[in-house]
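Taking it in order: structure first as structure tokens, then the write-up.
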Amino acid sequence: MTTSSPVPPVAPERLPELLRAMPKAELHIHIEGSLEPALIFALAQRNRVNLPYADIPSLRRAYAFTHLQSFLDIYYAGASVLITAQDFYDMAWAYLQRAQADHVVHCELFFDPQTHTARGVALRTVIEGLYRACLDAREKLGISAALILCFLRHLSEQDAFATLEQALPYRDRFIGVGLDSSEVGHPPEKFARVFARCRELGLHVVAHAGEEGPPEYIWAALDWLKAERIDHGVQSTKDPALMARLARERIPLTVCPLSNLKLCVFPRLSAHNLRALLEAGLVATVNSDDPAYFGGYINDNFVQSFGALGLDAGHAWQLALNSFEASFIDASAKARYRDALGECFARFG
Ligand code: HPA
Ligand code: ZN
């Protein structure tokens, strides 16, 4: 075993190239948030769904968000064009091809069943299309992809239980559950019992917390839901005791810098706390959240935040390594990806 750093000195002008080339895992991507305007219009036409926007430029003009809810309203409207299993497949396949181009080697995809079942689309249809795309990703793109079913926190726990019940026939097609949608006013403890049931079923458990909500919501996600990862979690820097716990317990945060910028969580990318999270020893990762809405896929998140925050190759190494540590793949796959990361960095030495 060598004690020398695996990170060679990398000239600043080569850093974007390294960020793009390095193998990475994406752990916070809402597959409905990868629906690009062109695909929204194509699916609307295919399924004869009326959209309240005349064309792609007018839809894009609506992507001027002020906070989470202003985004969610448009995000749920966009998802209304998804009707058949083929639609879900096409959406996921487009993302997976894009992810491969960004050297994502493993991804864990959130999906929002209640957004679709509420419109009369069967959960079977949703899972069938998404799961087929995950299988094809392995076979045709050489990347592993797994599904995480998210409960919408603005709905009731009873509704979440009903969704879980409907999903049980497809238990082997998703690896975990998450919690998303409108955060403030819907604290994690609202879902304590349904998450306990999910843990009994052997599902992994993650939750959005501390995106707009206070540090108390992150404590609650850990204590009530036993969340294994926190999605966003950027409000944790307001609470030193929480930061110490996240570092000590190695609870990963799936950070999404461009999302935080577009939803005005930070006023400028240069004010983002990604560097502070890393320097406090947290297992922070970089992800895209809803790339079609927030102006960039995972590599855009890396390149733009590194530029704004003056991060270097050492941070890149740590973030990529963290993405594998934080993922729900087995230890041998983690070791393989770590080796691939080392090989990539050695090429830049
Ligand atoms: N936060 C909460 N819910 C979401 C998000 C998000 O960033 N994206 C899609 N659903
Ligand atoms: Zn999210």
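The values are calculated or read from the model by the stated rules, or taken from the named source; none is laboratory data. Keep in mind it's a predicted model, so treat the numbers as computed, not measured. Note: ideal-geometry Cβ built from the backbone for every residue, glycine included; neighbour counts use all protein chains shown. The protein model used for the area step is the full one, side chains on, heavy atoms only, and it has no ligands, DNA or RNA in it. Shrake-Rupley method; radii C 1.70, N 1.55, O 1.52, S 1.80 Å.
Residue count for the stretch 296-311, restricted to those that are open to solvent by 30 Å² or more (accessible area, probe 1.4 Å), within 22 Å of E36 (Cβ to Cβ) and free of Cβ contacts under 8 Å to residues at least 60 places away in the same chain: 2.
Note on the stretch 12-38: residues that are open to solvent by less than 40 Å² (accessible area, probe 1.4 Å) and either within 16 Å of ligand 2 (Cβ to nearest atom) or not in a strand (DSSP E or B) (or both) total 18.
For the stretch 106-122, residues that are within 14 Å of ligand 2 (Cβ to nearest atom) and either among the polar types (S, T, N, Q) or part of a strand (DSSP E or B) (or both) total 6.
Residues that are open to solvent by 30 Å² or more (accessible area, probe 1.4 Å), part of a helix (DSSP H, G or I) and among the hydrophobic types (A, V, I, L, M, F, W, C) within the stretch 322-337 comprise A331, A335, listed in sequence order. Are any of the residues in the stretch 98-105 in a helix (DSSP H, G or I), open to solvent by 10 Å² or more (accessible area, probe 1.4 Å) and of a type in the set (D, E)? Checked the stretch 98-105: no residue is in a helix (DSSP H, G or I), open to solvent by 10 Å² or more (accessible area, probe 1.4 Å) and of a type in the set (D, E). Within the stretch 39-53, the residues that satisfy the criterion of being more than 26 Å from the chain's Cα centre (by Cα) and either open to solvent by 50 Å² or more (accessible area, probe 1.4 Å) or in contact (Cβ under 8 Å) with a residue 40 or more places away in the chain (or both) are Q45, R46, N47, R48, N50, P52, Y53.
The set of residues from the stretch 118-135 being in contact (Cβ under 8 Å) with a residue 12 or more places away in the chain and either hydrophobic (A, V, I, L, M, F, W, C) or open to solvent by 70 Å² or more (accessible area, probe 1.4 Å) (or both) comprises R119, V121, L123, R124, V126, I127, E128, L130, R132, A133, C134.
Checking each residue in the stretch 259-284 for being within 13 Å of ligand 1 (Cβ to nearest atom) and in contact with a Ser or Thr (Cβ under 7 Å, 6 or more places away or on another chain) picks out only C264. Looking at this structure, is R138 touching a residue at least 12 places away in the same chain (Cβ under 8 Å) and in a helix (DSSP H, G or I)? Judged against the criteria, R138 is not a match.
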